[in-house]
Each structure stands twice: as structure tokens, then as C-alpha cells.
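Chemist: Right, I'll just put the structure down here and ask away after.
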Amino acid sequence: MEKVNRQRLQSLLEQFASFGATGENGVTRLSLSREDIAARDKFIEVSEEIGMSVKVDDMGNLYATLSGKKDMPPIVMGSHLDSVKKGGRFDGTLGVVAGLEVVRTIVERNIETEHPITVMNFTNEEGARFDPAMMSSGVLAGKFAKEDMLLSADTEGVTFGQALEISGYEGEAGNRLREAAAFVELHIEQGPVLEHTGEEIGVVQGVMGMTCCEISLKGESNHAGTTPIPMRKDPMFAAAQVIVDLQRELKKLPEDLVYTIGRIQAHPNIHTVIPNEVTFTLEARHTSMDVVRQVERIIDRLPKTLERCEVTSRKLWGRETVEFDGAVVNAVSETAAELGLRTRNMYSGAGHDAQFIASYIPTAMIFVPSAKGYSHREDEYTSYEDCAQGADVLLNTVLKLDRNASTQEEKVLEEKSV
Ligand SMILES: [Zn+2]
């Protein structure tokens, strides 16, 4: 088994953490900002130093490729260099930087792969500057229309299209990722499970399905001091009842269902006024779409009136569970075991570029532990040894996939010649 160079990986992660450094260990590196452009320039500098050639597609996605012995579809690693405001230094960056270290190790050991090996940086994964998240992998996979994405504007009114043009990172549509033997994304878990169980590597089976609904309660605004309680139509107390009822029903579903009321708005939101409307979101995630549908049925079955208020609900959006490719997942699982690492099979509750790429390329992900499960905050932390172990799994998975795919292709050729 090959191992990556610990010091070199840590040093490169630290160098990338300097682009948009917040001073509190975190980074603010919004997509296509000055800081993001500096990180992209660094990516190209390091890639070329290793001997890779770099291409850019029309969404600003970067591809650094080391050629293989044969001219065939590449094996691809990658993640994203952009961050949320005051985010962590590992989220996304680890998958890109580890990819570079993996290729550097391959070159250093004179390992000749059959396939070209590509490291990718996806543009605007976080969606923190331009909505939606996973914008560019979504365009590659045909989930989002590029024309719509170009018009998505940040809080200053700058559109994605303008930012892309100014950045100098607008490349050719012909460079887009089309065919690949496999795609593997190494990422921090962004949850507390691996740390809690003491396991070192998460073998990610797929991404959980989810539903996001909005529930509205309509009453009547009036003076908070002069309206007797029996004469009110107060949607706030009705909302409180609905929330408690929802929790009671949701607790009856499998205990690994996760659900969140993350946004609640009262109108007019003045302390001397009885609100006339309260609206809140309920989102729920589970690997089984049956369970997700049950959540939707619970919401559909809410009473139409409560406390003399009108109750309505609508689904804002959802996604089906994405199952990763069995062969690539197995390659990750076997590799981690061969390296003597403790593994856990798990689904990602968070969205990743890999979930879109999985729609047309055999895909899997590798998770490493997140201290306390923190992410999207400056004190997000994964030990450098955990990062290196993830990179070891990535390296040996890529080498295994290279061998497996080559023997398969030889078999096909043999069969053809027979
Ligand atoms: Zn990420």
C-alpha cells in the first residue's frame, strides 16, 4: 500500500488556508472572489509543478490532468475550493488538495497508471455567493440550465456570469467533464458520527433524500393590549401547537430520520401586535424515500384550522436519495480495510458535487472525522493525520480502480478478439 507524504499534505492545506484567512483558523473564500481566484492560481501553479496540464470549462471548473499510459477516460478526484463566509479550512479544500498530493505521490514513486488521473475544483459548490449550491456540478450533470445560473446574482447585484468573466476563469464548454472511469470525492464528514464511534473512514454509500416544506398559519392582526384572548385569531400559538404535534408524530418514524424547523417568520413581527401570519419550514432527510414520503403525509394530514387560524402547507423542494456506484464504493471499502483503518458505511446528510456527478459517472465519496461535527464555521477541525489517512484511502482507491478498470477493458478486448 502506498502512503501520501504527511508533511507535504499538511503544508499545502495550510498554504490554501491562507487564501481568505479569517485570523480565527477559518477562511472566507466566496466563489470567484479575489481570495478564491488566488486559491485557483495556486491550484494551477502546484498542478503544473507536479507535471499536470490544466484546463478550464465554461463554468470555471478546473481540471488538472496527469496523462496515463493509454488515452482513455480519466479517473477523477475532486471537490471545491470555495467556502461559506467564515467557513472552515477543510471543507472542500481537503478533497482538492489531497487529490494534488495523491498525484504528486504517484509521480514521485514512478507509478505508471493506465488511465489519465484528473483533479477537479468545482466552481461555487457552497452557493454562499450565488444560489444554488453545487451550481457547476449541477450544470455538468444537466440538473441546472447554464443560462439561468449565469443570471444568479450576489448581494451586491453582481451576476455569476459577470463574476466569471471578470475572474479570467471562463473556459471552454468543450473542456467539461463528460466521460470518466470513476469519480471519487474525499470530504470531511461535517457531522459527529465518526468521531463519536471512533471510526477513521466513512465509506459513503450515497446522499440522503430529503423534503423541505413550508407551513403557514393565518390569523388576524390586532392590538396586543386591547383584544381579549377569546376574541383572537392568534397564529403564533397555533404554530406552537403544530410544531409540538409534528415532533410527536415524527418521533414515531425511524430514529435515524433527521428533521429541522430552521426558519420561522411572524408577520408583522412587532411586539405590540398579534401576528396575522406565522410561516415556518420543516425539512427532513432519510436514506429511505418511503420514510421521506411518510413525513410529507404527516404534513398533509395537519388540521386545516386550529385556534380559529387557517393552516396550509406546500412543498418547497426535495431530492431523491442518490446511491453511489457499487464497484467504486467497494474499492473505497476494500482499500480502507487493506490500510488497516476502521470504517463505517454511511450516507451523507449534506449535499456534495459527487451527488450530481453520480448521475453520469461511477462515483463514491470518502469521509474523514470532523471534530464535534462542526463545519461551516471557523473552528471546523479535522486532524492532519485524519486528513492524511483519507488521502491514503483516496490514493490507493485510485490505483485499485486503475487496475480493476484496465483488467476489465482487457477482458472486453479479449472477448471481442475471440
Ligand atoms: Zn464541501
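Chemist: Need the failing condition index for ARG248 against (1) closer than 17 Å to CYS212 by Cβ; (2) within 31 Å of the chain's Cα centre (by Cα); (3) not in a strand (DSSP E or B), just the number.
Modeler: (1)
Chemist: State yes or no: is GLU307 more than 30 Å from ILE215 (Cβ to Cβ) and at pLDDT below 95?
Modeler: no
Chemist: Determine whether region 389-400 contains at least one residue that is farther than 20 Å from ALA98 by Cα and either aromatic (Phe, Trp, Tyr) or under 23 Å from the mean Cα position of the chain (by Cα) (or both).
Modeler: Among the residues of region 389-400, not one is farther than 20 Å from ALA98 by Cα and either aromatic (Phe, Trp, Tyr) or under 23 Å from the mean Cα position of the chain (by Cα) (or both), which makes the answer no.
Chemist: To continue, here is another question. Select from region 176-235 the residues that are more than 16 Å from the ligand (Cβ to nearest atom), among the small types (Gly, Ala, Ser) and in contact with a strand residue (DSSP E or B) (Cβ under 9 Å, 6 or more places away or on another chain) and list them in ascending order.
Modeler: Listed by number, the residues that qualify are ALA180, ALA181, ALA182, GLY206, GLY209, SER216, GLY219, SER221, ALA224.
Chemist: If the Cβ limit is 6 Å and pairs must be 6+ apart or interchain, which residue in region 171-190 that is under 10 Å from PRO74 (Cα atoms) pairs with which residue that is at pLDDT below 95?
Modeler: ALA181/ALA405
Chemist: Just checking, how many residues over region 105-129 are open to solvent by 30 Å² or more (accessible area, probe 1.4 Å) and closer than 14 Å to LEU399 by Cβ?
Modeler: 7
Chemist: Another question, if that's okay. If a residue must be surrounded by fewer than 22 Cβ atoms within 10 Å (Cβ to Cβ) and within 13 Å of MET52 (Cα to Cα), how many such residues does region 63-104 contain?
Modeler: 4
Chemist: Can you pull out the residues in region 251-267 that are surrounded by 11 or more Cβ atoms within 10 Å (Cβ to Cβ), outside any strand (DSSP E or B) and out of contact with any helix residue (DSSP H, G or I) (no Cβ under 7 Å at 6 or more places or on another chain)?
Modeler: Hits for region 251-267 are ASP256, ARG263.
Chemist: Do you know which residues across region 333-373 are in a loop (DSSP other than H, G, I, E, B) and either within 13 Å of the ligand (Cβ to nearest atom) or among the acidic types (Asp, Glu) (or both)? Walk me through how you get there before you give the answer.
Modeler: Taking region 333-373 first, the residues in a loop (DSSP other than H, G, I, E, B) are 339-342, 349-352, 358-362, 369-370.
Answer for region 333-373, where residues must be in a loop (DSSP other than H, G, I, E, B) and either within 13 Å of the ligand (Cβ to nearest atom) or among the acidic types (Asp, Glu) (or both): GLY349, ALA350, GLY351, HIS352, SER370.
Chemist: Next question, about the same structure. What are the residues in region 27-37 that are in contact with a strand residue (DSSP E or B) (Cβ under 8 Å, 6 or more places away or on another chain), surrounded by fewer than 24 Cβ atoms within 10 Å (Cβ to Cβ) and part of a loop (DSSP other than H, G, I, E, B), if any?
Modeler: THR28
Chemist: I would also like to ask the following. Mind listing whichever residues of region 336-357 are touching a helix residue (DSSP H, G or I) at 6+ places or on another chain (Cβ under 9 Å), within 24 Å of GLY318 (Cα to Cα) and aliphatic (A, V, I, L, M)?
Modeler: If the condition is that a residue be touching a helix residue (DSSP H, G or I) at 6+ places or on another chain (Cβ under 9 Å), within 24 Å of GLY318 (Cα to Cα) and aliphatic (A, V, I, L, M), then MET346, ALA354, ILE357 are the ones that fit.
Chemist: Of the residues VAL291, VAL295, VAL242, VAL278, only one is β-branched (Val, Ile, Thr) and either open to solvent by 60 Å² or more (accessible area, probe 1.4 Å) or assigned to a strand (DSSP E or B) (or both); which?
Modeler: Values: VAL291 fails: either open to solvent by 60 Å² or more (accessible area, probe 1.4 Å) or assigned to a strand (DSSP E or B) (or both); VAL295 fails: either open to solvent by 60 Å² or more (accessible area, probe 1.4 Å) or assigned to a strand (DSSP E or B) (or both); VAL242 fails: either open to solvent by 60 Å² or more (accessible area, probe 1.4 Å) or assigned to a strand (DSSP E or B) (or both).
On inspection, the qualifying residue turns out to be VAL278.
The values are calculated or read from the model by the stated rules, or taken from the named source; none is laboratory data. Everything quoted here is computed from the prediction, not taken from an experiment. Because the Cβ atoms are built from the backbone with ideal geometry, glycine has one as well, and the counts that use them run over all protein chains shown. Protein only, heavy atoms only, side chains kept; ligands, DNA and RNA dropped before computing areas. Shrake-Rupley method; radii C 1.70, N 1.55, O 1.52, S 1.80 Å.
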